């Protein structure tokens, strides 16, 4: 993804930006004090290339966060929450989000929620989550009297714990397996009695 304030980039420039963002996620996850020069080295580009694409370290971090939230927004859409059966959509969206969060944990943990673009993307994702949970409730997967705001909070907490918690006992980080476990845990607690 190109920097958020830039006009569309050529394909080679977009690949360079993607390499910088990926390298920044890896390097900063290991060393939050890493320099732009260290990020450039990990991305296989010159330091001047990073400075040309990102005016400052803050702009790089902002772009990382916005990019991660854009990917989450697209991943939720890819699960087809409006048209797929609720259980299928919930599973696919969960697996997609877990996979993105594993690869963008540093950026997402440091996202400035007061940034208008980040806030807008977060609001869009939460609205889609609420709609998917309401669809699951109307389909009988969630008890009719369950508080969907609470269900969403628990669901998001389970995703966070899945990504940031201790590794799975069997060592798996397979998003489909983790999504199945997470949804089973969620629905066992909110299924109709």
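Any read-out appearing in this document is the output of simple, stated calculations on the displayed coordinates, not a laboratory observation. Because the structure is predicted, anything quoted here is derived from the model rather than measured.
A few points about this structure:
- Helical runs (DSSP H, four residues minimum) scored at -39500 (n - 2.57) apiece and divided by the length of the chain put the mean residue ellipticity at 222 nm at -23000 deg cm²/dmol.
- Principal-axis analysis of the Cα atoms of the chain puts helix 86-103 at an angle of about 30° to the longest axis.
- The Rg/Rh ratio of the chain, with both radii computed over alpha carbons and Rh defined as the Kirkwood radius, is 1.03.
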